[in-house]
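Trainee: One structure is given below, represented as structure tokens, and several questions about it will come after.
Quick note: the coordinates plus some simple rules give every number you see, no bench work behind them. What you are looking at is a predicted structure, and each value in this text was computed from that prediction instead of being measured. A quick note on method: Cβ atoms are made from the backbone with ideal geometry, for glycine too, and the neighbour counts reach across all protein chains shown.
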Amino acid sequence: MSLIPYALARAVLFQMDPEKAHDLTMDSIARTQNTPLDRLYRQCRVDDPITLAGLRFPNRVGLAAGLDKNARCIDGLGAMGFGFVEVGTVTPKAQPGNPQPRMFRLLQASALINRLGFNNQGLDAFVANVQRARCRQAPRSNPMLLGLNIGKNAATPMENATDDYLIALAGVYPHADYVTVNISSPNTKNLRALQSDEALDGLLGALVARRETLATEHGRRVPMFLKIAPDLDETQVGVIAATLRQHGMDGVIATNTTLSREAVAGMAHAEETGGLSGAPVQAASNRVIAQLRASLGSDFPIIGVGGVMSGVDAVAKIQAGADVVQIYTGLIYQGPALVSEVARALKQHPR
């Protein structure tokens, strides 16, 4: 159990600009991980293993990509009790992202809006940080899994987007337990167009072909997941499901942030450009998960993310059709104790 109640830390952090609070938090985790000070947030991991896509997940709660874009805090985040942690999104070249301010709290909705825009230090720095993580250096029984999330640079023309994904895939492949292909951020211009039928078919075809080459080269086949948006209708979800099956993808992550403001209309910051996350995205995420499960059948791995603010919310994701869940905004509002709460709730929920 962590030593300091998160409510005290949050009271300080929530007085700060959201992005400055985020940077301070990540810097603090980076400095304290693998030291006695990690007791400030360390928790015992709930044991609730499940096997998906050939991977053994120690429990069914993970961290969604976006919190640790540069893979600096893998060990510290792992100490919070996650069964799997996903870091990134990383792009081939470093980029600053969109102009500040670009992150906003909607307190009464337990939500965030961000338009960060894949700000990151680039592929080389990202991989070096992954390699430095102690949890990746020594074999352990029942290890936490690590997902590496890849995207395209903002300056890369959409007609060349596949090239960026292929470069990123080759760079992260030797170091990942699974790779997530992020085509659903609303903060890189036209990125979500890659979810359309023809564009998705071309992108996944190229990635799966490169993955086979990399599997032969490295002697291991790394699962690939696709992360999609909640702002899709049933027909679009059906097309994506069919394309996932067609290309032999290993799983899907549903969902990213939403562009809808229906649930937060009239609130302060509600009209800021960017992706909305937290409690308001829960219903849309669960709808997409249910549609995916109906289209994909019972055996296709689905990671559910979006609006998990409690153990009850996590169980609702499983009931909608997810196999495991991820959290992000809930961690910011509830703190590390949410990890254990969700893991315990899912362990008690029959599969």
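Trainee: Sort 303-312, 326-335, 91-100 for me by packing, meaning the mean count of neighbouring Cβ atoms within 10 Å per residue, highest on top.
Mentor: Packing order, densest peptide first, comes out as 303-312, 326-335, 91-100.
Trainee: May I pose another question? Only helices at least 27 Å long along their own axis, judged from Cα atoms, and with Kyte-Doolittle mean hydropathy of -1.0 or greater: name those in the chain from DSSP H.
Mentor: What comes out of the filter, once short or polar helices are dropped, is 197-218.
Trainee: How charged is the neighbourhood of residue 23? Take every other residue with its Cβ under 14 Å from the Cβ of residue 23, and add Lys/Arg as +1 and Asp/Glu as -1.
Mentor: Once all neighbours under 14 Å are counted, the net charge is +1.
Trainee: Treating the beta-carbon of each Lys and Arg as +1 and of each Asp and Glu as -1, no other charges, what is the dipole magnitude of the chain about its Cα centre, to the nearest 20 debye?
Mentor: 940 debye
Trainee: How large is the translational diffusion coefficient of the chain in µm² per second when you combine the Kirkwood radius over alpha carbon pairs with Stokes-Einstein at 25 °C and 0.890 mPa s?
Mentor: Reported coefficient: 123 µm²/s.
Trainee: For an R0 of 45 angstrom, estimate the FRET efficiency from the Cβ-Cβ distance between residue 344 and residue 198 and round to the nearest 0.05.
Mentor: Efficiency, from the Cβ-Cβ distance: 0.55.
Trainee: Whose amide H sits under 5 Å from the amide H of residue 225, counting only residues 5 or more places off or on another chain, with H placed in the peptide plane?
Mentor: 179, 180, 181
Trainee: Which distance in nm do the two modelled labels at residue 37 and residue 217 give, with both placed 7 Å along the Cα-to-Cβ direction?
Mentor: Result for the modelled spin labels: 3.9 nm.
Trainee: Going by how many other beta carbons lie within 10 Å of each one, how would you line up 27, 201, 250, fewest first?
Mentor: Going from sparsest to densest Cβ surroundings: 27, 201, 250.
Trainee: Please tell me the relative contact order of segment 86-171 in percent, rounded to the nearest whole number, where contacts are Cα pairs under 8 Å and at least six residues apart.
Mentor: Details: 113 pairs, mean separation 33.3, N = 86.
With pairs under 8 Å counted, the relative contact order is 39 percent.
Trainee: Using Cα-Cα distances under 8 Å and only pairs 6 or more residues apart, what relative contact order does the chain have, in percent?
Mentor: Values: 733 pairs, mean separation 60.8, N = 351.
The value is 17 percent.
Trainee: Tell me whether segment 266-332 comes out rounded, prolate or oblate; compute the Cα gyration tensor, take square roots of the eigenvalues as a ≥ b ≥ c, and use a/c under 1.5 as the rounded threshold.
Mentor: Note, shape of segment 266-332 comes out prolate.
Trainee: Assuming a ≥ b ≥ c are the square roots of the Cα gyration tensor eigenvalues, decide whether segment 220-351 counts as rounded (a/c under 1.5), prolate (otherwise, with a/b larger than b/c) or oblate.
Mentor: Taking the square roots of the gyration eigenvalues as a ≥ b ≥ c, segment 220-351 is oblate.
Trainee: Separation of segment 303-351 and segment 153-206 by C-alpha centroid, Å?
Mentor: If you average the Cα positions of each part, the centres end up 27 Å apart.
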